[in-house]
Structure formats: C-alpha cells, structure tokens
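The values are calculated or read from the model by the stated rules, or taken from the named source; none is laboratory data. Bear in mind that the values here come from a model prediction, so they are computed numbers and not experimental data. Note: ideal-geometry Cβ built from the backbone for every residue, glycine included; neighbour counts use all protein chains shown. Just so you know, the surface numbers come from the protein's heavy atoms only, side chains and all, with ligands and any DNA or RNA stripped out. Shrake-Rupley method; radii C 1.70, N 1.55, O 1.52, S 1.80 Å.
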Amino acid sequence: MAAAEGPEQPFRRRTVSFSRLDGRLNARHQGAWDRFAGELLLDVPRGEARTSVDPAYRLDAAATFGRTAPLVVEVGSGAGDAVVHAAAARPEADFLAVEVYRPGVAQTLAKVGAQGLTNVRVVQADAVDVVGTMLPRGSVEQVWVFFPDPWHKSRHVKRRLVTPELAELVAGCLAPQGLWRLATDWADYAVQMRDVTAASPHFTNRYAGRLASAHDPRGGFAPRFEGRVMTRFERKGLAVGRQVFDLVLDRA
Ligand SMILES: C[S@@+](CC[C@H](N)C(=O)[O-])C[C@H]1O[C@@H](n2cnc3c(N)ncnc32)[C@H](O)[C@@H]1O
C-alpha cells in the first residue's frame, strides 16, 4: 500500500484523534518501506478518507498470517517499539500494529523487517475503522492503547481517542475472554479512561478500587504492564514527573 502524500482528503465528517499523517522518511526508513511494505503492510480497501477502511472489508487473519493464532492489536503503535518487543517475546501470537503516521509506519516496518519477525503486520489506518469494522467481531485476544495523544487543552479534549464510542467498538472486536489494556501519563485522561470503561457494560476493571493514586482516590489502576517496553513517550512523561497509569479491562 502506498498512501498518497498530502492532507487527509476528502475530509471526514467526524473528528479524528490524529493530526499528522505524512512526514519525510529518511533514506533508511524509505528503504525499509520499499523493502518490507509489500510483505508486512496491509493493503486495505479505503472508504471516504485516506486513513479510512472500507466498512465492508473484513480482515482474514488466518490468510494474512498463514496460521490461526491469538491476535493482539496495538492502536496508535507509534514507532513500533512495544509491538515489536512483544511480538519477539511471544512468537505463538500474531500482532497487528495500527498507526496513521507514515514515518511511524516506516519505523515499524524497519524494526519488524530487521528482526525477521513473521508474526507482525502493520496497517496505516484510523483505528476507529480498524476496531469498528475491519476486525471481525469477537476475533481479537487483546487490544492495546498505550500513550494515546493526550489532547490536553480543553478545546482539544473532544479529539481524544478513548471515548464511550471507542469502548463499544473495542468490545465488539474482542473475543469473550478478551482484554483491553491502556496506559497514559496524563492523570485526567487516565480518569477519563477508567470512567469510560466503568460505564460500559462490556468491561470489568480487573483492579477496580485498587491502587488509589494522589490524583484520584477511587483507584482502578493496574500495576505497570511488564510486557510493555518503555517507549520514548513513557520516558518523556516520567522525566517531567508525571505518573504513568495502566488499566486492564476484561471483556465482560
Ligand atoms: C503519543 S503517540 C504514542 C505511540 C506509542 N503508543 C508509544 O507509546 O510509543 C500516539 C500515536 O497514536 C497515533 N494515532 C492517533 N490516533 C490514531 C488513530 N485514530 N488511529 C491510528 N493511530 C492513531 C499517532 O499517530 C501517534 O503515533
């Protein structure tokens, strides 16, 4: 798949949680794109916008990965560090990295290709479409959302990815014993994530009421997920003194 350069055209009717799609690829990342995109980047049919997925399209994971295995989906996978680390540590599972930002996609392709991992695929698409329609209902073992863009200015809060609507879509793609893992270093977003998932009939918070923090005594936050490699976003948050909040939700 080769997304055309330029702005998101035509524009979507709904607000999206991302602001950047394109960016220059350095020679190494362009090389990785040219070498690995054919094999690792999913060529999905588009709908109304460049990052959309045709709502009629369904991923055939068995055909894509050449086997039947548990599927872990990382939403907003950035430069791919978490998904690549997890895929190397768990070769018996398959991993789908979902990212809109072309340089992030290229970096992920470079890492997956360099390690010769066969259990990772990347899709350059809006995660709302991926979890909403592209992934067959009940087909996913885990959905991960780590350090989503915080959109912390009050006029931007509406752009946050984790909303009641997203919770409904994530619940739809998860298998009955499925898990939704989230992490953020923005305390108010952590509370939003906890409250959105608590209000959903589809999830049970594994740490409900536990690990209360100074920010919010009602708790509900999990210990740090050991399977998550430290990325630059987590490191940056910690460096400026922010606390990192993890959530683990079981599909009810
Ligand atoms: C702050 S970064 C965190 C990246 C990564 N999870 C990490 O911890 O290093 C958030 C990423 O989510 C991507 N993103 C935001 N909204 C998205 C969406 N709706 N679909 C796919 N990717 C999205 C952005 O392009 C960005 O790369």
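The amide H of Met230, built 1.01 Å from its N in the peptide plane, has no neighbour under 5 Å, considering only residues 5 or more places off or on other chains. For the chain, a Gaussian network of Cα nodes joined below 10 Å ranks Val229, Val162, Val123 by mean-square fluctuation, and the top entry is Val229. Using a Gaussian network model of the chain in which every pair of alpha carbons under 10 angstrom is joined by a spring, one finds that among Gly116, Gly104, Gly80 the greatest mean-square fluctuation is at Gly116.
Heavy-atom accessible area for Ser19, with the other protein chains in place and a 1.4 Å probe, reaches approximately 90 Å². Under a Gaussian network description of the chain, with springs only between Cα atoms under 10 Å, the residue in Gln124, Gln192, Gln177 that fluctuates furthest is Gln177. The distance linking the stretch 68-112 with the stretch 148-212 is 21 Å (Cα centroid to Cα centroid, whole angstrom). Selection among Ala222, Val131, Ser200 by position relative to the dipole of the chain gives Ala222 as farthest towards the positive end (Cβ unit charges, Cα centre). Counting 0.36 nm for each residue step from Thr64 to Arg159 and taking away their Cα separation leaves a gain of 31.1 nm. Computed over protein heavy atoms with a 1.4 Å probe, the accessible surface of the stretch 27-251 works out to 43 Å² per residue. Straight-line reach from Lys111: taking Cα to Cα under 18 Å and skipping same-chain neighbours fewer than 8 places apart, the aspartates and glutamates in range are Asp34, Glu39, Glu74, Asp81, Asp94, Glu99.
Per atom type, the chain shows carbon and sulfur on 54% of its accessible surface, probed at 1.4 Å. Could you work out the helix-only [θ] at 222 nm for the chain, with each DSSP H run of four or more residues adding -39,500 (n - 2.57) and the total divided by the number of residues, to the nearest 500 deg cm²/dmol? Theoretical 222 nm ellipticity from helices: -8500 deg cm²/dmol.
For the stretch 27-251, the alpha-carbon coordinates run over 49, 37, 36 Å along the three principal axes, in decreasing order. Stretching Asn26 away from His152 to a fully extended chain increases their span by 42.3 nm, per 0.36 nm per residue minus the current alpha-carbon distance. With the charge dipole of the chain set up from +1 on Lys and Arg Cβ and -1 on Asp and Glu Cβ about the Cα centre, the Cα lying farthest toward the positive end among the listed residues Leu40, Phe18, Pro70 is that of Phe18. Between Tyr207 and Asp188, full extension at 0.36 nm per residue minus the direct alpha carbon distance yields a gain of 5.1 nm. Dipole check for the stretch 27-251: with +1 at the C-beta of Lys and Arg, -1 at the C-beta of Asp and Glu, and the Cα centre as origin, the magnitude is about 560 Debye. In order along the stretch 152-165, the Karplus-derived 3J(HN,Hα) couplings, from 6.51 cos²θ - 1.76 cosθ + 1.60 at θ = phi - 60°, round to 7, 5, 4, 6, 9, 3, 5, 8, 4, 6, 8, 9, x, 5 Hz, and Gly and Pro are given as x. Taking a point 7 Å from the Cα of Arg218 along the Cα-to-Cβ direction, the residues of the stretch 150-174 with backbone N closer than 20 Å to it are 157-158, 160-168. Among the GluC sites (Glu not before Pro) in the stretch 78-176, those placed in a DSSP loop whose Cβ has at most 13 other Cβ atoms within 10 Å are Glu92.
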